[in-house]
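The structure appears right after this line, and notes come after that.
The values are calculated or read from the model by the stated rules, or taken from the named source; none is laboratory data. Small disclaimer: the values here were computed from a predicted structure and weren't measured. FYI the Cβ positions are ideal-geometry reconstructions off the backbone, even for glycines, and counts take in every protein chain you see. When the accessible area is computed, the model is the full protein with side chains, heavy atoms only, and any ligands, DNA or RNA have been set aside. Shrake-Rupley method; radii C 1.70, N 1.55, O 1.52, S 1.80 Å.
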Amino acid sequence: MTDNVDRAANRALRARFDEVFGQYQQLRSGLDELQARLAELRVTERSEDGQVTATVNARGELVSVELASAIYRDRDPRALSTKITATVRRASAAATAATQELVAGYLPAGSGTADFLRTGDFGALLGRADTVLRRGE
């Protein structure tokens, strides 16, 4: 009877290992593609009046700012500064969302990491590890 229990346990462990290893292989194979897509990612936002255009990369770092010639008619440096800052912030927030969505597509469904990327909830990141530890895996 002990042999049957040991064999069943070994089969279950082997099946779990195969599942985890398959997830790892899938993640690893997509890593080069993910890095290339992140390197190419650009997000562009325009101010509400269309006078300021800001482009950022996947990290939300400013790549370029374009100003329409009409912007110089106002001659209000504080308003211009506010408009540029708001446009860059919107572009950066949009880049963060696009990056999260892109990276999450390469992670196993239901992983704590994917949840963390979508929500920013650190508890989601640790939740799976806590569950595994409680089960004694």
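Output the residue which, of all residues in the range 53-73 that are over 26 Å from the mean Cα position of the chain (by Cα) and open to solvent by 100 Å² or more (accessible area, probe 1.4 Å), is modelled with the highest pLDDT.
Residue satisfying both the conditions and the ranking: Glu66.
Can you tell me which residues in the range 1-51 are among the acidic types (Asp, Glu) and in contact with a strand residue (DSSP E or B) (Cβ under 8 Å, 6 or more places away or on another chain)?
Across the range 1-51, the qualifying residue is only Glu45.
Suppose we filter the range 34-52 for residues that are open to solvent by less than 60 Å² (accessible area, probe 1.4 Å), closer than 28 Å to Val103 by Cβ and out of contact with any Ser or Thr (no Cβ under 6 Å at 6 or more places or on another chain); how many remain?
Residues that pass the stated criteria total 5.
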